[in-house]
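Coordinate-derived values only; no laboratory data. Predicted model only: the values in this text are computed from it and were never measured. With ideal geometry, Cβ positions are generated from the backbone for all residues, glycine too; neighbour counts draw on all protein chains shown.
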Amino acid sequence: MNRVIPSRALMMFAVAVAAVAAPAFDSLARPKRQPAYEAPPPPPPPEPAGAVGLPDRLLADAAAYEAYLQRVTTLSPGFTSGASVAEALRTSAAYEPRALVRGAVAYAAVAALEDADFVNQVRSAGTSPRNRRLMVGYILANPAYVFLFRGSEAAAGLAKEALGGAGLRLYAAGKTIKQSAYDVQHQTWSKEEVADRGGRLAAVEASSESSIAPADDHMDALRRAASGVAPLAIAAPPAQPPYTPLVARALQLAAIAALGEAGDGAYDELTSLTSDEGAANCLHVAKLNLYQCLAVSKPNYEDIFCIGQHIMSDTGSCLAKNAGVAMPLAVNPAPMSLPAPSRPGVRRTRRAQG
């Protein structure tokens, strides 16, 4: 016989079942609570680079180069005695070729730092100490790297002018001095034999083995120029590639200075950028020609010729050519009633060269 469950009991059973199942259905209906977590910290702000500038020792090299060029380029052709010729010889011959190249590159780097766009572009790429050190490694390893930055052509133009423009001015001044060797021959003192010929040659050779005379009075201006406070008075159009090694090295040095990575402690590392075999060899040959010229020179006017040709014009030509600057065509001096400077065995050749 079938038993009928009373409706009251059935309802109570249903309520009990619903009470048990409710939490399960409730958990299915609600989204699960996400576990709590902390957001990652924001990236650190860029660490600014140090001040733009070069080591004091490199600025000293640049100062010596600048002072030497000013001193020699402004030599007066108005010689009045053998003593005045001897003083000009002593002043103009006193440089060691590699020291002059080192100062030239450092000075050209200061000139390149005049271009604010180049400096800002390089600095904006060096956002952390690690990044800047990597960039220094790239710059030292590959000179082409610095020419990837905007403003590099303008900076190269300034460096080229600091080297080549100065070289052309020295070359032209040398031509003027050399011409005076012809012009003074109507003066009796010019035909007198040079005093202590052997001693003056030995003194010139000795002065060529030491660095250029320091120029502390030029240091402050160059330091201010390198830092962008008071740029040098150099103007030039942008220079297009290809660039000579001398110009490229100046840009490499300027880029490291722009990064603030050219402090005094970096001097030894940076000296690899201040040498150039092509320029140094050219200056070395100019010195050898000077020694040969002085060895056979007897009257004072022939020493003037040696100064104008082998110290000034030859040195200026080395700087200009190694900066990629075209040299002017040589022009022979106008005919004169007086004989040209002469030396045994080379007098005709010297006159033919003008």
### For region 75-83, Karplus couplings with θ = phi - 60° (6.51, -1.76, 1.60), whole Hz, Gly/Pro x
4, 7, x, x, 5, 10, 6, x, 5
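If the only charges are +1 at each Lys and Arg Cβ and -1 at each Asp and Glu Cβ, what is the size of the charge dipole of region 115-217 around the Cα centre, to the nearest 20 debye? Present the calculation step by step, with values, prior to reporting the outcome.
On the way: 12 positive and 12 negative charges, 117 e Å.
In debye, rounded to 20, region 115-217 gives about 560.
Order the peptides 293-300, 254-261 from the highest to the lowest mean number of other Cβ atoms within 10 Å of their residues. It would help to have the intermediate numbers written out before the result.
On the way: 293-300: 19.6, 254-261: 26.5.
Taking the mean over residues of other Cβ atoms within 10 Å, the ranking is 254-261, 293-300.
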### From phi via Karplus (6.51, -1.76, 1.60), per-residue ³J(HN,Hα) for region 243-249 in Hz, x at Gly/Pro
10, 6, x, 5, 5, 4, 5
### Message
Going through the cross-link list K160/K287; K191/K287; K175/K321, which pairs have a Cα-Cα distance over 19 Å in this structure?
### Response
K160/K287; K191/K287
### Task
State the volume of the convex hull built on the alpha-carbon positions of region 138-283, expressed per residue in Å³ and rounded to an integer.
177 Å³
### Query
Can you list the HN-Hα couplings for region 102-110, worked out from phi with the Karplus curve (6.51, -1.76, 1.60; θ = phi - 60°), rounded to whole Hz and with x for Gly and Pro?
4, x, 5, 5, 4, 5, 5, 5, 4
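Once a ≥ b ≥ c are taken as the square roots of the eigenvalues of the Cα gyration tensor of region 202-261, is the result rounded (a/c under 1.5), prolate (a/b larger than b/c) or oblate (a/b not larger than b/c)? Could the numbers behind the result be given before it?
Details: a/c = 2.15, a/b = 1.41, b/c = 1.52.
Here region 202-261 falls in the oblate category.
If you average the sequence gap of Cα pairs under 8 Å that are 6 or more apart and divide by the length of region 61-199, what percent do you get for the contact order? Before the final figure, lay out each step's value.
On the way: 98 pairs, mean separation 49.9, N = 139.
Relative contact order here is 36 percent.
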### Query
With each pseudo-label sitting 7 Å past Cα toward Cβ, what's the S76-D196 distance in nm, one decimal?
2.4 nm
